[in-house]
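Below is one structure, written out as structure tokens, with a few remarks after it.
The values are calculated or read from the model by the stated rules, or taken from the named source; none is laboratory data. Please read these numbers as outputs of a predicted model, since none were measured by experiment. Because the Cβ atoms are built from the backbone with ideal geometry, glycine has one as well, and the counts that use them run over all protein chains shown. Remember, those area values only see protein heavy atoms, side chains included, never the ligands or the DNA or RNA. Shrake-Rupley method; radii C 1.70, N 1.55, O 1.52, S 1.80 Å.
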Amino acid sequence: MEFPKWVTDRVIARQGKLHAYDHFKPEETAFVVVDLQNFFTQPGYMGECKAAPATFPAVNKLANALRKAGGHVIWVQTCADNADTFWAHFHHDMLKPELSQRRLTEMSVDHPGYELAAELDVAPTDTRVVKRYYSALAPNSSNLHEVLQDKGVKNVLIGGTTTNVCCESTARNAMMLNYRSIMVHDALSAFTSQEHEFALQAWMLYFGDVLGADDVIARL
């Protein structure tokens, strides 16, 4: 991904080089893939991000490479069961009633919308995490932090959808929990290219690194 000069100049002025991390120990690295569920990736669902399926090859490539190297792959899925209660202001104030009900239905654990997209290479040895809010690392959202700690993870690679919502929210919390946090740009998608690019520019300026799947693999 190419960044504007004003971004690269500020990053280099802050940390001395454009990319903060030269290598990753695989056993200390987790690829956290956020919300690549049917609800967010397949036609006909309320949350469809049309750009998401184009990221599946990069997601699969990085997941397979990291597994082979001895690292960890974690699939995060949002479940909306009872969300009208535990996230009442979102469901009652920020969504029209018909959209609130549709979200509750299509992301219920028993609905096909909750399932990961069939095109993803999910291994039996991978870890599944269920989250409640945008960020998997928000208080009471999921057990992702405990999972990462138990595995001895220090490096968190973020892929999934959407770049500027659940992925960025999770990544920001990861950075502030002292994980080396990397957004994998070709394994991420958003509803518009502008949202994707603006989110990654802000991320690069203040929070962590942005690398492509091949760049990460080269550093393992």
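Which is at pLDDT 95 or above and either within 22 Å of ARG102 (Cα to Cα) or under 14 Å from the mean Cα position of the chain (by Cα) (or both), of GLY160, GLY152? Spell out how you get there, then give the answer.
Values: GLY152 fails: either within 22 Å of ARG102 (Cα to Cα) or under 14 Å from the mean Cα position of the chain (by Cα) (or both).
It is GLY160.
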Review point. VAL210: in a helix (DSSP H, G or I), open to solvent by less than 10 Å² (accessible area, probe 1.4 Å) and under 21 Å from LYS17 (Cα atoms), yes or no?
Key: no
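Hey, can you tell me all the residues within the stretch 181-207 that are part of a strand (DSSP E or B) and among the hydroxyl-bearing types (Ser, Thr, Tyr)? Steps first, please.
Start the filter on the stretch 181-207 by keeping residues that are part of a strand (DSSP E or B), which leaves 181-189.
Hits for the stretch 181-207 are SER181, SER189.
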Check your understanding: What pairs can you find where one residue is in the stretch 103-123 and of a type in the set (Lys, Arg), the other is part of a helix (DSSP H, G or I) and surrounded by 13 or more Cβ atoms within 10 Å (Cβ to Cβ), and their Cβ atoms are less than 8 Å apart, with a gap of 6+ or different chains?
Key -> ARG103/ALA83; ARG103/HIS91
Review point. Any residue in the stretch 186-205 that is surrounded by 22 or more Cβ atoms within 10 Å (Cβ to Cβ) and hydroxyl-bearing (Ser, Thr, Tyr)?
Key: yes
**Study point:** Where ILE158 falls short, out of the listed (1) closer than 20 Å to HIS23 by Cα; (2) not in a strand (DSSP E or B)
**Key:** (2)
Review point. Out of all the residues in the stretch 100-117, is one or more touching a helix residue (DSSP H, G or I) at 6+ places or on another chain (Cβ under 7 Å), of a type in the set (A, V, I, L, M, F, W, C), assigned to a strand (DSSP E or B) and open to solvent by less than 100 Å² (accessible area, probe 1.4 Å)?
Key: no
Revision key, fill the gap. For the stretch 16-33, pairs from a residue that is within 18 Å of TRP203 (Cβ to Cβ) to a residue that is of a type in the set (S, T, N, Q) and surrounded by fewer than 22 Cβ atoms within 10 Å (Cβ to Cβ), with Cβ under 8 Å and 6 or more apart or across chains, are LEU18/THR8
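Scan the stretch 40-47 and give yes if some residue there is under 16 Å from the mean Cα position of the chain (by Cα), at pLDDT 95 or above and part of a loop (DSSP other than H, G, I, E, B), otherwise no.
Going residue by residue through the stretch 40-47, those that are under 16 Å from the mean Cα position of the chain (by Cα) are 40-41, 47.
Remaining after also requiring at pLDDT 95 or above: 40-41, 47.
Restricting the remaining residues to those that are part of a loop (DSSP other than H, G, I, E, B) gives 47.
Checked the stretch 40-47: at least one residue is under 16 Å from the mean Cα position of the chain (by Cα), at pLDDT 95 or above and part of a loop (DSSP other than H, G, I, E, B).
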Exercise for review: Considering only the stretch 174-196, state which residues are of a type in the set (A, V, I, L, M), touching a residue at least 60 places away in the same chain (Cβ under 8 Å) and in contact with a Gly (Cβ under 8 Å, 6 or more places away or on another chain).
Suggested key: ILE182, VAL184, ALA187, LEU188
Exercise for review: Spot the failing condition for VAL73; the list is (1) surrounded by 18 or more Cβ atoms within 10 Å (Cβ to Cβ); (2) assigned to a loop (DSSP other than H, G, I, E, B), and only one is missed.
Suggested key: (2)
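Conditions tested, residue by residue: (1) more than 17 Å from TYR179 (Cβ to Cβ); (2) touching a helix residue (DSSP H, G or I) at 6+ places or on another chain (Cβ under 6 Å).
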| residue | (1), (2) |
| --- | --- |
| LYS25 | no, no |
| ASP35 | yes, yes |
| GLY47 | yes, yes |
| VAL59 | yes, no |
| ASN64 | yes, no |
| ARG67 | yes, no |
| VAL73 | no, yes |
| GLN77 | yes, no |
Review point. Taking VAL165, is it of a type in the set (Val, Ile, Thr) and under 18 Å from LEU36 (Cβ atoms)?
Key: yes
Revision key, fill the gap. Taking the stretch 48-70 and keeping residues more than 17 Å from ALA187 (Cα to Cα) and either surrounded by 19 or more Cβ atoms within 10 Å (Cβ to Cβ) or not aliphatic (A, V, I, L, M) (or both) leaves LYS68, GLY70
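Within the stretch 76-99, track down each residue that is crowded, with 18+ Cβ neighbours inside 10 Å and part of a helix (DSSP H, G or I). Don't jump to the end; show me each part of the working.
Keep residues of the stretch 76-99 that are crowded, with 18+ Cβ neighbours inside 10 Å, which gives 76-78, 80, 83, 91.
Hits for the stretch 76-99 are ALA83, HIS91.
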Study note, to complete from the structure: If you go through PHE56, PHE31, the only one that is hydrophobic (A, V, I, L, M, F, W, C) and part of a helix (DSSP H, G or I) is PHE56
